Structures are given as C-alpha cells and as structure tokens.
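Right, one structure below, let's go through it.
The values are calculated or read from the model by the stated rules, or taken from the named source; none is laboratory data. This structure is a prediction, so every number in the text was calculated from the model and none was measured. Here Cβ is always computed from backbone atoms with ideal geometry, including for glycine, and neighbour counts include all displayed protein chains. These area figures cover heavy atoms from the full protein model, side chains too; ligands, DNA and RNA do not enter into them. Shrake-Rupley method; radii C 1.70, N 1.55, O 1.52, S 1.80 Å.
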Amino acid sequence: GLQPLVSEADLSIVCQETVFAGEGEAYSGYPAFNTPEEVGDALAKTGYDIVLHATNHTLDKGSSGVLNTLDFWKKYPEISVLGIHANQEEYETVKILEIKGVKIAVLNYTYGTNGIPVPSDKPYIVEMIDHDKIQKDVLYAEENADFTIAFMHWGTEYSTTPDDDQKSLANDMSEWGTDLIIGSHPHVIEPVEWITAENGNQTLVYYSLGNFV
C-alpha cells in the first residue's frame, strides 16, 4: 500500500476535499458532502503531516461542519490542518514547520465555497483567495521561512489547461516570493511549469495534480 511512502516522507500533504461534520449530520454525497470521520482516521494512520481543508466544499455543512472538523483533528495534534480556522488569531497565523533544519511555510486557499457565503460573524473560518491576504501571508513567510509552498484550490473543473485567473494569480504570488504552488480542484492533471516574475523570482507551479483516490 501507500502507507510506507506517505509515512516515510519528510513532509506528506493531502487535500481533504470535504468536511467531517460529525454524527449530528447524516453522511451525504454530491452536491453537499459530509464525510465519515473514519476517513480522517485513515489519513492519520497513513501518515500525513498536513491536511488541506480550504476547498469549494468547506462550507457544505455550514460553519458547524467546519468547527466539528477542527474538533475532530484535535485527536491528532501532530497533524497540521490548513485552510480552516476556529478564530481570527489562527486565521492571521502563517504555519511554519521546521523539517531537518529547514523552515517551510505552508499556505492554503480556495477560490470559493459553491455560493455558500462565509458567515459574517466568522469571516476567518475558511481561507479564501484574497489577494491582499495572500500577499501579506507570503511576505511574512518570505521573512520567516526558508521555503514557501502555497496550495491553491482553483481553476476550472475538468479543464486540462490553467485558466487566466490561475496564471495571473500564480504570477503575482511568484512576484511576492512563493517558491512552490500546487493546485487542486479541476480533478484532472494540468501542466507543470517554472514561471519567472518580473522581479526575477522563480516559482514552480503544478496548476492541478488531479485526483487521489
């Protein structure tokens, strides 16, 4: 199985597209997903270090679904959860992990939440693609880490080429100093390329990795 590959890596990361809203919510599939918590247990057992939760399905079960997901992950304090937050302070904190003496900043954002509005009393609950916020986070990461990776939930579903928004944002993020960008959401593989910003910064971009099933 994949478990040895995942657990032996210095840093292993998975995008968990859907929430664990708990037993108060019935299991549900498309279009508003609620995933059994056993899936989270399986990810932990497989050995992932980071779980990404900023996706277009983050708010499928409202803010309670997100908060229950965060509560679920408290069982596994060794796993870092990105893209969702319980409070403003967490939202404003850039996650930096030290691995073999190298400080790696990890960021996670989604283009939207399928038309479900972010609750006005909890604007921090999911990391949205907001240029000002991303720029602030990346600049902080550049000051305080050796390497910056951004995981972007973006693009056009089932398109094998990146769209103009992806390309434009990738260029901006490169200019701010992002070293590596890895995309999800299209569910198919999109190209990988090095981009060079006007200021000379170089960034490796995987526009979409496709599905991991």
For Leu204, all conditions in the list (1) at pLDDT below 95; (2) touching a strand residue (DSSP E or B) at 6+ places or on another chain (Cβ under 6 Å) hold save one; what is the number of the exception?
(1)
Return the only residue of Tyr111, Tyr140 being touching a residue at least 60 places away in the same chain (Cβ under 8 Å) and out of contact with any Cys (no Cβ under 8 Å at 6 or more places or on another chain).
Tyr111
Quick check on this structure: which one of Gly200, Gly183 is on the phi > 0 side of the Ramachandran plot and of a type outside the set (Val, Ile, Thr)?
Gly200
Residues that are of a type in the set (A, V, I, L, M), under 18 Å from Asn211 (Cβ atoms) and either crowded, with 21+ Cβ neighbours inside 10 Å or out of contact with any Leu (no Cβ under 7 Å at 6 or more places or on another chain) (or both): does the stretch 86-105 have at least one?
no
Find all pairs meeting these conditions: Cβ atoms under 9 angstrom apart; at least six residues apart or on different chains; first residue within the stretch 160-187 and over 19 Å from Leu209 (Cα atoms) and open to solvent by 30 Å² or more (accessible area, probe 1.4 Å); second residue in a loop (DSSP other than H, G, I, E, B) and not β-branched (Val, Ile, Thr).
Asp172/Ala197; Glu175/Ala197; Glu175/Glu198; Glu175/Asn199; Glu175/Asn201; Trp176/Ala197; Trp176/Asn201
Members of the stretch 193-213 that are open to solvent by 100 Å² or more (accessible area, probe 1.4 Å) and either in contact (Cβ under 8 Å) with a residue 40 or more places away in the chain or of a type in the set (D, E, K, R) (or both)
Glu198, Phe212
Restricting attention to the stretch 15-42, which residues are under 18 Å from the mean Cα position of the chain (by Cα), farther than 24 Å from Asn87 by Cβ and part of a helix (DSSP H, G or I)?
Val39
Which one is nearest to Ala9 (Cα to Cα) among residues in the stretch 43-56 that are part of a helix (DSSP H, G or I) and not aliphatic (A, V, I, L, M)?
Thr46
Restricting attention to the stretch 83-123, which residues are among the basic types (Lys, Arg) and assigned to a loop (DSSP other than H, G, I, E, B)?
Lys100, Lys122
Only residues that are crowded, with 20+ Cβ neighbours inside 10 Å and more than 18 Å from Val126 (Cβ to Cβ): list them for the stretch 1-56, please.
Tyr48
Within the stretch 125-135, how many residues are surrounded by fewer than 17 Cβ atoms within 10 Å (Cβ to Cβ) and farther than 17 Å from Ile181 by Cβ?
1
Out of (1) closer than 25 Å to Ile96 by Cβ; (2) touching a Gly at 6+ places or on another chain (Cβ under 9 Å), the one Gln166 does not meet is (1)
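Could you please find all residues in the stretch 57-80 being in contact (Cβ under 8 Å) with a residue 60 or more places away in the chain, open to solvent by 30 Å² or more (accessible area, probe 1.4 Å) and part of a loop (DSSP other than H, G, I, E, B)?
Residues satisfying the conditions do not exist here.
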